[in-house]
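J.: The following block contains the structure, expressed as structure tokens.
The values are calculated or read from the model by the stated rules, or taken from the named source; none is laboratory data. Fair warning: this is a prediction, and the values are worked out from it, not measured in the lab. Here the Cβ positions follow ideal geometry from the backbone for every residue, glycine too, while neighbour counts run over all protein chains shown.
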Amino acid sequence: MTVVYKICPASLWRAAECAGVFRGSKADRRDGFIHFSTAAQVVETAAKHFAGQSDLLLVRIDAAKFGDRLKWEPSRAGALFPHLYGDLDLAAVMRVEPLPLGADQRHIFPLLNDYPPGFAERHGRACPGHPRL
């Protein structure tokens, strides 16, 4: 299973829950697709686009539910990022978790269990921002 992540202000996500669909953030609508990140990209995404922001949620999504509406396109440094062309049906959501700020003003991520094989061995931790295993 391929998992993708969306960082979202809690108020925007709560509105999507009430509507039964997520139509994207202002930036998503401007760009014409919903921006997602992989487990290997999401920490950098938080630092680059959500630095110091509180009251965020990390939405874990089953990318297989999107079919051909999900495109992998080059972005930062040529890395391929998942972009959803169309609305996010909430049935694809696996989990929604708080994304709190630490004392250092960096986001504290839950364990992301879909890191590539060998990541923990190479980096000595479960994921960036987590203590050593």
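J.: With surrounded by fewer than 20 Cβ atoms within 10 Å (Cβ to Cβ) and over 15 Å from the mean Cα position of the chain (by Cα) as the only criterion, which of ASP31, ASP62 stands out?
T.: Of the residues listed, the single one that is surrounded by fewer than 20 Cβ atoms within 10 Å (Cβ to Cβ) and over 15 Å from the mean Cα position of the chain (by Cα) is ASP31.
J.: Checking the conditions here, which among PHE119, PHE109, PHE50 is at pLDDT below 95 and either of a type in the set (Val, Ile, Thr) or within 23 Å of ALA16 (Cβ to Cβ) (or both)?
T.: PHE109
J.: Do we have any residue at all in the range 18-33 that's of a type in the set (Val, Ile, Thr) and closer than 18 Å to VAL3 by Cα?
T.: No, the range 18-33 has no match at all.
J.: Return yes when LYS65 is out of contact with any Asp or Glu (no Cβ under 8 Å at 6 or more places or on another chain), modelled with pLDDT of 85 or more and either farther than 19 Å from MET1 by Cβ or of a type outside the set (A, V, I, L, M, F, W, C) (or both) and no when it is not.
T.: no
J.: So which helices (runs of 4 or more DSSP H) stay within the range 1-69 end to end and still have 3 or more residues that are within 22 Å of LEU101 (Cβ to Cβ)?
T.: Output list reads 10-19, 42-49.
J.: Looking for something in contact with a strand residue (DSSP E or B) (Cβ under 7 Å, 6 or more places away or on another chain), over 18 Å from SER11 (Cα atoms) and not aliphatic (A, V, I, L, M) - is there at least one such residue anywhere in the range 56-63?
T.: For the range 56-63, residues in contact with a strand residue (DSSP E or B) (Cβ under 7 Å, 6 or more places away or on another chain), over 18 Å from SER11 (Cα atoms) and not aliphatic (A, V, I, L, M): present.
J.: Suppose we filter the range 34-50 for residues that are of a type in the set (A, V, I, L, M, F, W, C) and surrounded by fewer than 13 Cβ atoms within 10 Å (Cβ to Cβ); how many remain?
T.: 0
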